[in-house]
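The values are calculated or read from the model by the stated rules, or taken from the named source; none is laboratory data. For clarity, every value in this text was computed on a predicted model and none was experimentally measured. Methodologically, a virtual Cβ is constructed for each residue, glycine included, from the backbone with ideal geometry; neighbour enumeration extends over all protein chains shown. Calculation scope for accessible area: heavy atoms of the full protein, side chains included, ligands and nucleic acids excluded. Shrake-Rupley method; radii C 1.70, N 1.55, O 1.52, S 1.80 Å.
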Protein chains: 4
Amino acid sequence: MSKLDFILEELVTANRILANEGIVDSFGHVSARHPGNPQHFLLSRARAPERIERDDIVEYTLDGTAIDERGRAPYLERFIHGAIYEMRPDVHAVVHNHSPSTIPFGVTGKTLKPLLHMCASIGHEVPVWDSHDKFGDTALLVSDMAMGRDLAHLIGPRPTTLMRGHGATVVGRSVRHAVFVSVYLELGAKLQMQAMAMGDIKFLTPGEVDKVISRTGPYTLNRAWENWCWRAGRPFQAELG
Amino acid sequence: MSKLDFILEELVTANRILANEGIVDSFGHVSARHPGNPQHFLLSRARAPERIERDDIVEYTLDGTAIDERGRAPYLERFIHGAIYEMRPDVHAVVHNHSPSTIPFGVTGKTLKPLLHMCASIGHEVPVWDSHDKFGDTALLVSDMAMGRDLAHLIGPRPTTLMRGHGATVVGRSVRHAVFVSVYLELGAKLQMQAMAMGDIKFLTPGEVDKVISRTGPYTLNRAWENWCWRAGRPFQAELG
Amino acid sequence: MSKLDFILEELVTANRILANEGIVDSFGHVSARHPGNPQHFLLSRARAPERIERDDIVEYTLDGTAIDERGRAPYLERFIHGAIYEMRPDVHAVVHNHSPSTIPFGVTGKTLKPLLHMCASIGHEVPVWDSHDKFGDTALLVSDMAMGRDLAHLIGPRPTTLMRGHGATVVGRSVRHAVFVSVYLELGAKLQMQAMAMGDIKFLTPGEVDKVISRTGPYTLNRAWENWCWRAGRPFQAELG
Amino acid sequence: MSKLDFILEELVTANRILANEGIVDSFGHVSARHPGNPQHFLLSRARAPERIERDDIVEYTLDGTAIDERGRAPYLERFIHGAIYEMRPDVHAVVHNHSPSTIPFGVTGKTLKPLLHMCASIGHEVPVWDSHDKFGDTALLVSDMAMGRDLAHLIGPRPTTLMRGHGATVVGRSVRHAVFVSVYLELGAKLQMQAMAMGDIKFLTPGEVDKVISRTGPYTLNRAWENWCWRAGRPFQAELG
């Protein structure tokens, strides 16, 4: 199997998993950097993640221009993906979602931070990007490269950001990594809402967050990925050597 | 396929989707204005939405009289639909439900407003109709045209209203539109309850709400509709040209 | 079909529905007064409601003695059922459950009352029976007729009661009625918890509760029952004439 | 069927049940003491509980050394199990999980106690083990026998403990018992969070907790186990005589 074939299958699986695990509903998307051309990325045409097939996936340049569109209408917000790949050479996958438990954090100014070891991968704390700050009244969608770059700048070296009134964006070193962080961002947000109602929270210490991040590798990611594939009715493919 | 055939299939699908997505339980209903006669509307006989078949759908005049009832007992609350079609020529579909997260707003006087871009279609803020104000102690059901018109008057030009101790009513320019707004009314209510417990909320600005509404068209509605059809086990029919 | 055959099938269905709708987990039970002998009642052997088959149902005298046990171990708490049938000739079905949202009301002294028209059937307000008041430290189970009668006395003419640290008991004029009230008791409790966190609640007025109760008949009960049967994989049998 | 065969099947079933009932996600594990050698225990290789097959189960010495590993990578945290079996001869099964509702208690210092009779088996109150107290900044994982023994010491004679920022550990006299306590630990935590938001809680009295524990035997455990097996698609095997 070629690297491109592998990534295309991986993206279909990622879409199905994100839908099946409740991280996306009919909206949201996941992309991968093109394995043969780091200046391109792969992203489905505009379609609900739960429905995506391999032939829905389109190749784009980093500025969001389709290479061979063949009538496949793009997601308006493909600029989120392109701008992040442009700024972050370490990033090989991007998830954008409206993960439900993250929304209340984006609109209340309460800071989302890891309180569970499984959630350390969200980073020391999750910033909030507010499109209104620079772009005023919009439909809140990241609809051009200027907005995409502003979002990417706010993310900086971090793995995640919230978007006020909109959702979240997660980056990873692989598709599996970005999906993993997305799932545990949702869980961490849900648990933090519950814990905030109970009293003061002892979050993970900065040192604990670093320790967990440093050991979140294939041993951890693939245990979840195998299970999520099965739950979503998709084959679990071995990683390429 | 005739316009009538299209709408009848669309209504069956809408009922199944609303049940499958948790917007209705065994109660609640969705109607469409008759495509060939704007003084009539189409609504199922009294049956749980998840069970409805095409032959359950009855044609009614706007005052709730069945054209050809054939023993199919009507929903008592068909007057909600008729009164709205009478007052709002722009409306082509109506959903009435007991969507769970909206109920606490109807009984506490807290105003439901959009805090997420997906929820802007509920309108700038959602009013609450209290049957007790004019009709005193009743079973809270909209059981005649006087109650239906009072409700329709409260809705005015808006897309949604809550009903104290009872549920919500949503109107749309199409069946797909009314179902879409109903799903995101429930989500918005759930998220606002969570956010209210955390602190002050930065809702969408009025300008943001208008911008989102202005771009909520087939590109958005059909992405969700295709997915919801599949999830509910119903075919996704192309819109008529 | 005989009245007894009808009720036996109805009880199997009721068990499956209560499990499928999340009102019971592996515990809880539902009984019916014997249609041919008002001094007897019908209740499954000790088994999880989701697993119950027709042959699991045993006939008991009101003091909880099995007529023909054939090795079928009884629920310890059959006395709940017998004591209620003894005191309330109007009651023809009893549900006992650990319905999750009702538990917090039983242990905090907050009064559960109907705030949604669908929940009016729980009665004007739901009392709490505390086994500790008369029986001190026990395993909280209603393990003899003395406890059963004390519970039945607390219920009095009402349709429902909570049991501190334990669950709820619901009575009805038919199996369908008791199941209906049980489902909406759970929903009402969940919604009241949410509303209490938001502010003061405008509950249904006493007059509204009475109006809703007076019109909750077969038109309403069977709409839900047909749907719940289908969801639980059970046939929907017509009521006997 | 040999005792070993019985326990191997029981462990597969326990893994599937814990996943199916929402007590574990892709992480968490359950072990049993070896029925023929109390100095050994049985635990799956590192794999998501929902995926585990009989051949995934490996035999370990109490210090976590595999007897016949055959390439089956172990869970890093097998030391939780070994250290508890070493200290507690009465324990024959151990569950470690990240049960979602327990996490907020572990990070807020609020004490989890039984408020429902079904939850009495969690013990009079659930302590919290904080790995940071003795081991400082770690990945929070119990990665050697020193950490395992420290955790086991904190548990002492109790049935359960929380682990700050990590999860919970439950012990039992059998696999069925440990799974039962795990399920009702999650439920109890969820209900206590809800009740805490409503007001002061009347927990079970110490005498009530003792009474419930003393009568939680096969009559209770097997009613749930039969049901959970069926729900998880696993056969319900009779206990060995």
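The H on the amide N of B:Arg45, modeled in the peptide plane, is under 5 Å from the matching H of B:Ile57, B:Val58, each at least 5 residues off or on a different chain. Across all directions, the shadow cast by the convex hull of segment D:167-241 built on its C-alpha atoms averages 6.7 square nanometres. Couplings 3J(HN,Hα) of segment B:59-70, computed from phi: 9, 10, 6, 5, 8, x, 8, 6, 7, 8, 5, 6 Hz, in residue order, whole Hz [Karplus 6.51 cos²θ - 1.76 cosθ + 1.60, θ = phi - 60°; x for Gly and Pro]. Here segment C:110-155 is treated as a Stokes sphere of Kirkwood radius computed over C-alpha pairs; at 4 °C and 1.567 mPa s its diffusion coefficient rounds to 106 µm²/s.
Based on Cα coordinates alone, diagonalise the gyration tensor for segment D:1-74, multiply each eigenvalue by 5, take square roots, and list the semi-axes in whole Å, largest first.
Numbers: eigenvalues 75, 41, 21 Å².
Sorted largest first and rounded, they come to 19, 14, 10 Å.
When the other protein chains are added to the chain by itself, burial of at least 20 square angstrom of heavy-atom accessible area (probe 1.4 Å, ligands and nucleic acids ignored) affects these residues of segment D:42-61: D:Ala46, D:Arg47, D:Ala48, D:Glu50, D:Arg51.
With one equal scatterer per alpha carbon and no solvent term, the Debye-computed log10 I(q)/I(0) for the protein assembly as shown at 0.09 1/Å reads -1.05.
Over chain A, calculate the relative contact order: mean separation of alpha carbon pairs under 8 Å at least 6 apart, over the residue count, as a percent.
The value is 22 percent.
Going from the chain on its own to the full set of protein chains, segment C:120-142 has these residues losing 50 Å² or more of accessible surface (heavy atoms, 1.4 Å probe, no ligands, DNA or RNA): C:Asp137, C:Ala139. Here the Debye sum runs over all C-alpha atoms of segment D:115-224 as equal scatterers in vacuum, and log10 of I(q)/I(0) at q = 0.10, 0.12, 0.17 Å⁻¹ comes out as -0.33, -0.47, -0.88.
Accessible area per residue for the protein assembly as shown is 35 Å², calculated with a 1.4 Å probe on protein heavy atoms, without ligands, DNA or RNA.
Among residues of chain A, the one whose beta-carbon sits closest to the A-to-C rotation axis is listed with its distance in Å as A:Ala197, 4. Seen from D:Thr160, the other residues with C-beta closer than 13 Å to its C-beta sum to a net charge of +1, counting Lys and Arg as +1 and Asp and Glu as -1.
State the percentage of accessible surface on chain A attributable to carbon and sulfur atoms; use a 1.4 Å probe and exclude ligands, DNA and RNA.
Details: 4330 of 8310 Å².
Of all accessible area on chain A, carbon and sulfur atoms account for 52 percent.
Inter-copy label distances for D:Ala146: 5.8, 5.8, 8.2 nm (label point placed 7 Å from Cα along Cα→Cβ; shortest first).
Couplings 3J(HN,Hα) for segment D:15-21, derived from phi with the Karplus relation 6.51 cos²θ - 1.76 cosθ + 1.60 (θ = phi - 60°), are 4, 5, 5, 4, 5, 5, 8 Hz, where x marks Gly and Pro.
Association of chains D and C removes close to 2900 square angstrom of accessible area from solvent, both sides included, for a probe radius of 1.4 Å. 3J(HN,Hα) couplings calculated from phi for segment D:149-163 with the Karplus curve 6.51 cos²θ - 1.76 cosθ + 1.60 (θ = phi - 60°) are, in sequence order, 5, 5, 4, 4, 5, 5, 5, x, x, 7, x, 8, 8, 8, 10 Hz; Gly and Pro show x.
Across the copies of the chain, A:Pro206 has label points (7 Å from Cα along Cα→Cβ) spaced 4.5, 4.5, 6.3 nm apart, shortest distance listed first.
So which GluC sites (Glu not before Pro) in segment D:150-241 pass both tests, a DSSP loop state and at most 14 other Cβ atoms within 10 Å of the Cβ?
For GluC sites (Glu not before Pro) across segment D:150-241 that sit outside H, G, I, E and B with at most 14 neighbouring Cβ atoms in 10 Å, the list reads D:Glu239.
Radius of gyration (Cα atoms) of segment A:198-241, expressed as a multiple of 2.2 N^0.38 Å: 1.70. In this Cβ point-charge picture (+1 for Lys and Arg, -1 for Asp and Glu), segment C:1-80 has a dipole of about 60 debye about its Cα centre. Positive end of the dipole of the protein assembly as shown (Cβ unit charges, origin at the Cα centre): among D:Ala93, D:Gly71, A:Ala195, the Cα lying farthest that way belongs to A:Ala195.
Determine the gain in length on full extension of the stretch B:Lys110-B:Arg54; use 0.36 nm per residue of separation and subtract their C-alpha separation, reporting nm with one decimal. Before the final figure, lay out the partial values.
Numbers: separation 56, 0.36 × 56 = 20.16 nm, distance 3.89 nm.
Going from the current span to full extension adds 16.3 nm.
Taking 1.567 mPa s as the viscosity and 4 °C as the temperature, the Stokes-Einstein diffusion coefficient of segment D:119-182 based on its alpha-carbon Kirkwood radius rounds to 105 µm²/s.
Positive contributions from Lys and Arg (+1) and negative ones from Asp and Glu (-1), summed over other residues with Cβ under 9 Å from the Cβ of C:Val171, come out at +2. Remark: C-alpha extents of segment C:1-127 on the principal axes read 43, 29, 29 Å, sorted largest to smallest. Restricting segment B:16-64 to GluC sites (Glu not before Pro) that sit in a DSSP loop and have at most 13 other Cβ atoms within 10 Å of their own Cβ leaves B:Glu53.
Rounded to the nearest 0.05, what FRET efficiency do A:Ile201 and B:Trp230 give with R0 = 51 Å and r taken as the Cβ-Cβ distance? Could you check? For R0 = 51 Å, the calculated efficiency reads 0.80. The Cα atoms of segment A:61-131 cover 45, 26, 21 Å along the three principal axes, with the biggest extent listed first.
Value of Rg to Rh for chain D, rounded to two decimals, is 0.95; Kirkwood radius and Rg both from alpha-carbon coordinates. Shown for C:Pro127: label points 7 Å from Cα along the beta-carbon vector, and their distances to the equivalent points in the other copies, 4.3, 4.3, 6.1 nm in ascending order. Mind checking which of D:Pro114, D:Pro218, D:Pro159 has the largest fluctuation in a GNM of chain D, springs on alpha carbons under 10 Å? The residue with the greatest mean-square fluctuation here is D:Pro218.
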